[in-house]
1. Residue 82: net charge of surrounding residues, Cβ under 13 Å, Lys/Arg +1, Asp/Glu -1, itself excluded?
2. For labels at residue 62 and residue 49 in the simple 7 Å Cα→Cβ model, what's the distance in nm?
3. So for 76, 25, fewest C-beta neighbours within 10 Å to most, what's the order?
4. Could I have the simple spin-label model distance between residue 104 and residue 87, label points 7 Å from Cα toward Cβ, reported in nm to one decimal?
5. Between Rg and the Kirkwood Rh of segment 1-100, both from Cα atoms, what is the Rg to Rh ratio?
6. Among 41, 18, 77, pick out the residue whose Cα is farthest towards the positive end of the charge dipole of the chain, where Lys and Arg carry +1 and Asp and Glu carry -1 on C-beta, about the Cα centre.
7. If we count other beta carbons within 10 Å of each Cβ, what is the order of 87, 10, 40, 79, fewest first?
8. What net charge do the residues around residue 95 carry, taking every other residue with its C-beta under 14 Å from that of residue 95, with Lys and Arg at +1 and Asp and Glu at -1?
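Every number here is computed from the coordinates shown, using simple stated rules; none is lab data. None of these values were measured; they are calculated from a predicted model. We place every Cβ from the backbone using ideal geometry, glycine too, and count neighbours over all the protein chains shown.
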Amino acid sequence: MDRLQELFDMQRKFDLEVVEKRNLHNITPDEWMQKETLAMISELSELLDEVNFKWWKNPKTVDYQRVKEELIDIFHFFMSMCLKIGMDADEVYQRYIEKNKENFKRQQGLSQKRGYAVSELNKE
């Protein structure tokens, strides 16, 4: 089995258990997206706290194990949101491939979308 698909299957199983155990059957897809976006923002904030973004404070030693934990928390919510809108691992993979190609085109000045190419930046 594909590793990404395995993770999506695990997340689907977890999401179903949360809905059952917490009696969350009446939450609409739009509400789920709002709730999980807020949860992801919360996890992103926790990640920021781990990497010394507060330039006005004395820096602490970065605990990369905690950084990794926060990244996985973010990934959990990302997968859950994908599942809620009907995206499976294959679609995420395909969309990533397409977007990655477009991002390279933008940097190379080959995209239909203007304003990204490094060559344009150097002309100013």
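1. Neighbour charge sum, excluding residue 82 itself: -3.
2. Result: 1.8 nm between the two label points.
3. The order, fewest Cβ neighbours first, is 25, 76.
4. Once both label points are built, they end up 2.1 nm from each other.
5. Looking at segment 1-100, the ratio lands at 1.05.
6. 41
7. Listing 87, 10, 40, 79 from fewest to most nearby Cβ atoms yields 10, 87, 40, 79.
8. Local net charge: -3.
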